[in-house]
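Worksheet: one structure, shown below.
What follows is calculated from the coordinates using simple rules that are stated; it is not laboratory data. For clarity, every value in this text was computed on a predicted model and none was experimentally measured. FYI the Cβ positions are ideal-geometry reconstructions off the backbone, even for glycines, and counts take in every protein chain you see.
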Amino acid sequence: MSTKIHTICEGNGKPLVTTLTPGQDADTLQLPVLVGLVRINQPGPGRPRTRLEGLAGDKAYSSKANRDTLRTTRTRCTIPEREDQKTNRRNRGSAGGRPPDFDREVYRQRNRVERLMNRRKQYRALATRYDKLATTYRATVRVADILIRLRARPDRSTPQDPRNTP
């Protein structure tokens, strides 16, 4: 009955790609799957863009395989290194290599995914998981994502009429 929801979202908190896995599955295995599913529609004709400009993730996604996947897709990543990885790298000495780049300012933007997950939890069927089948639960997640996209606030950089703000 436990299920994990893995998500990549845009910089403004709108969901791009979502997958579901059983609760006992490892998080780190899902990053290549998520990156492979990304399709960003561009205005006008042409194929959708499949490369992310950047990705900020938590420590669960800090494996060497994930970093290699992001490197091959030319995606800048900001993922903190786990303590055991730091220790192993230090123990290897000069053969351990350099630590991966980490930008604290970019990593602070990761809270947008957390806010998206909290917006999803406002839907009772999603938060309590009444559905027994994974297919119906996945459909519930998709419906919630559609509603979140439709109700998303416009970009705050554009001037708005104060009478239209909630």
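Values as computed for the structure displayed
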read-out	value
Dipole-positive endmost among Q42, G96, I8 within the chain (Cβ charges, Cα centre)	Q42
Residue pairs, from the table K64/K86; K4/K59; K4/K132; K14/K64; K14/K121, whose Cα atoms sit over 24 Å apart	K14/K64
Point-charge dipole on Cβ atoms (K/R +1, D/E -1) for region 3-150, about Cα centre, debye to 20	160 debye
The chain: angle of helix 111-120 to the longest principal axis, Cα-based, in degrees nearest 10	40 degrees
Helix 134-150 axis, angle to the chain major axis (alpha carbon atoms, nearest 10°)	70 degrees
Cα principal axis extents for the chain, largest first, Å	60, 44, 33
Under the Karplus curve 6.51 cos²θ - 1.76 cosθ + 1.60, θ = phi - 60°, whole-Hz ³J(HN,Hα) for region 43-48, x wherever Gly or Pro sits	x, x, x, x, 6, x
